[in-house]
Every structure is written in structure tokens, then in C-alpha cells.
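Below you'll find the structure, written out as C-alpha cells, and then a few comments.
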Amino acid sequence: MLHTANRIKWVDEGIEMHVFGDKILQSIEPGVEHLKKELVRADLLVIVAVSNQDSINWIEMNSKNVPNVVCFDSSTTLLNKLGGSTLQTRSERNIVGKLVSTLQGNKKDESAEVVRTVSEAWDRHNSDDIRFCLLVIINAYVRPVPILKNLRSRGFSTLNCMVKNCGSEILNCLLDPNCRKALQCLNKCAPTDQVCNYRCIASYESPNLAAFSLCVLQKNNCLGLDAEIPTKPYVHPMSLFRGENLTHEVAEDLFVGWLGKLKWSWRVIAGQNPAYDQFPCQYQLFYRGKAKASFWYEPVFQVRTLDGKMVWRRRLYRVKRDKIPGTFYFTVLDNGVVSREFWTIVDVCDDLSWGLFHYSGAARAAGQSYTGAVLVSPTGNYPSEKERGKLISSLEKCGIKEWELYDVDNSCCSNPSLGIPEGSSLHHKIKV
């Protein structure tokens, strides 16, 4: 929760979040008086994992004037309150349902899907999803949160725009079993639930799904969605490599990594984003194209589909240098939707034994923005213990804790679809 308090500032500097452990209530400490003062001016009290009866009694006595009180994973004797009204139910799912119903104008059919999404998000217990839950409550009962404007999307119900502009694409999709499954799956996801959305897309991707998304979302924006690349956190790139100032050419070489000696540039050990970084067997391919100054990135990865199959997927990103060496803009057309990402080379060891890359991105027409980071090595294995201090320091530069990383399953990675286009070139400055 302390980490979430820092991360919530990335969304809105005006949101102030203080975190207290209930152990301070059992002692005479200045922290107790501080907590009392904060409760007097608080708009929202979130109670997490409190079951001690003395703590429960203290909270009940001192939180009477807080207009919004929401309890997660806590004693059922603690009451929840939204908009100044005490809720009769103590079910977390119904609490979230009430606030999302308010957010969406009490449209029960639409809010039911978001209720499930928010409940599942809390259950995932990672900082991105916990922050999302808190922002929904703030948006509904305290102040508008611009990043949540896409919660008001009507999903795939904007039929007028779709039928008018994309009739043939809709028909082709409905006649394609995979595309039809993808739409049914996506329709169960809230627009802001990237984990749900991307699992559907990766599971059922097809040319017809790409054509449908390109027409409905990218060309005509029938859902009225929008998103920008997050500007926070700003992560500074490494400035030196092997004792010399980092240049654009060397930075590109660091991306190229082991390609040439191996069939891939890097393998992903772990990642931070639950939507994009958890896939098994992630191979990264970076190379220079035949055209002057062209640079490309192709990730190759496995997906366990919602039908239980294991399939290989591949994407193609165009990479452009930004002004500062070690920073780049990536662009990809992923199943009909354009995503643009800002990447930073945070750290790469002199011997290329491991590296850390951070990214911030947005699929504007899909209304989704995101951040993440990938830890890489030539083998997909973690750095040695002696490197742990440097790794943790590099993660801190990204605002990431080591416990946030999702380990990638590299145990069964036979027959990946690797290889780069003929005529591509690799390193210009460094040797591996």
C-alpha cells in the first residue's frame, strides 16, 4: 500500500494518500495523533486486512465523520460507507458494484461487467490493479479521475457507427469462429482491464479480427475511446557503457544484444506489467533494417489461449530514436490497433549478462495506456546474486519493486519462430 501511495501520484498529483499500520494503535506513538488528524480531513478511508478487535473498535470510534469507508480482506464487522451512506451489505463485490453503478449512471447491465473486473483486479493483488480499484472509488465519490473516462464506454453497443462504416468487416468477423470468440470474450472485459482484453486478443487473433479492429477502433473510433502515453514515471536512461558515453549507435547495439552469436537478442526473465509481460518463452529480436536508419523489434512469445492451447505469437515494431541516447519510440499495429510506446534502456551490464528496459505506451484507439519493464538476459535466467544490488537499484529508477515482477516461464520453449529478414544488419559499435 505504501508503494501504491507513490504510484497513485503518477496519475494525479492532487491525490494525497497516507498509509498506516494498525499496530500503531496498540502503543502510545505520535503516529496515532497523525492518523487522527488525517481522518478528520479524509475523503476516503480504505481498510485493508484489519481483523484485530482493538483496531476495529478504534477505527469505528474515529472514522464516523469520513464520508467514504471501504474494507478489503478485513473483518466483516467493519461497516462500509459510500457517499455518506452506510451500506447494509458487507460483501466487497457489492460494495464495488454500488460505486461502479454510480460511476456509470446506474446502468446495471454495463456496471455488472465492471463490478466483476474491479473485484478480480483487487484479487490479483498487484500495485497496478490495486491502484485502479482506489481510483474508481475516488472518481465516483471524491473527484473526477481523467484516466478513468473510458469506463463510461458502452463497449460494443455503438452499432450505428459500426454498421455504417464497417459492415463487411463485421460480417467477416461473425462468420469466422475465432473472430467471433474474440468479440464474445472482449465484450466481457471492461475497457480499462488490459489483462482481460489482451488475453482475449492473444488467444483468438486472426486476420478478420485485425480487420474488424482496424475499421471499428483505429479508423472510425466507434467506441469513442482515447488514451495518451503516460508521462510518469520518467525513467532516465543509462549514460555510460563500458566506460564511455552512451551514443545512439551503442544504444541500438545494446538492444541487438546477443543476436548473431545466438538466434535472439535477449530472452525475458521477468516483467512488471500483468497484461503484457507474463507470457511464457519471450524471445526478443532487435535488428537494423535494409533501409537507411531503419531499426526493428520483433518479440516472439507463447500464449496459453483461453481454450487451453499453447501457440506462438509474433509482433513487429518500428523503432525510432528519441533525442536522448538510450530512449526510443516504438510503433506497432497489433491486431488492427496502433500502439505507440516510449522505451528506455535503464541498465545493461558491460558483459551483456543482463539488462533492464522500461516502457510507457498507449493504444489510443483502444483507450488504454500502460507502463511496464522487462528484465532480460541471454538465457532467460536471473542475474547472479552478486548483481542483485545493482538490479534492485535499476528497478528503483523505474519506480518498481522487485516483488512486482512476474517470472516468465522459460521451461518449455521448443520450436520458436525466430529469424530476421534477409539483408538485415546487427551491431555497429560493440562486440559480444
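The values are calculated or read from the model by the stated rules, or taken from the named source; none is laboratory data. As the structure is a prediction and not an experimental result, all values here were calculated from the model. Don't worry about glycine lacking a Cβ; one is built from the backbone with ideal geometry, like all the others, and counts go over all protein chains shown. What goes into the accessible areas is simple: the full protein's heavy atoms, side chains included, and nothing from ligands, DNA or RNA. Shrake-Rupley method; radii C 1.70, N 1.55, O 1.52, S 1.80 Å.
Some points to look at:
- When cysteine pairs in the chain are screened for C-beta atoms closer than 4.7 angstrom, the residues that find no partner are 71, 133, 349, 398, 412.
- Residue with peak Gaussian network fluctuation, the chain [Cα springs, cutoff 10 Å], from 71, 412, 215: 412
- Residue 181 contributes about 80 Å² of solvent-accessible surface, heavy atoms of the protein only, 1.4 Å probe.
- Largest to smallest accessible area among 186, 44, 316 [probe 1.4 Å]: 316, 44, 186
- Alpha-carbon geometry of the chain: the Rg and the Dmax are 23.6, 73 Å, given in that order.
- Proximal charge balance of residue 174 [Cβ under 15 Å; K/R count +1, D/E count -1]: 0
- The coefficient of translational diffusion for the range 160-289, derived via Stokes-Einstein from the alpha carbon Kirkwood radius under 25 °C and 0.890 mPa s, stands at 135 µm²/s.
- Rolling a 1.4 Å probe over the protein chains gives residue 138 an accessible area of about 20 Å².
- In a reduced charge model with +1 at each Lys and Arg Cβ and -1 at each Asp and Glu Cβ, the chain shows a dipole moment near 1080 debye about its Cα centre.
- Cα point-scatterer Debye curve for the range 299-379, base-10 log of I(q)/I(0) at q = 0.13, 0.15, 0.20 Å⁻¹: -0.52, -0.68, -1.08
- Compactness of the range 1-80 as Cα Rg over 2.2 N^0.38 Å, two decimals: 1.09
- On Cα atoms only, tilt of 30-41 relative to the major axis of the chain in degrees: 80 degrees
- The chain, relative contact order in percent, only Cα pairs under 8 angstrom and at least six apart counted: 14 percent
- Per residue, the convex hull spanned by the Cα atoms of the range 188-259 amounts to 191 cubic angstrom.
- Two-decimal log10 I(q)/I(0) for the range 247-319, as the Debye equation yields it once each C-alpha is a single scatterer, q = 0.11 Å⁻¹: -0.32
- Lysine-lysine proximity count for the range 180-288, Cα under 30 Å, sequence distance 8 or more or distinct chains: 4
- Candidate cross-link partners of residue 292 among the aspartates and glutamates, defined by an alpha-carbon separation under 20 Å and a same-chain spacing of 8 or more, comprise 249, 252, 253, 322, 422.
- Cross-link partners of residue 23 among lysines, defined as those whose alpha carbon lies under 29 angstrom from its own and excluding same-chain residues fewer than eight positions apart: 9, 36, 37, 64, 81, 401.
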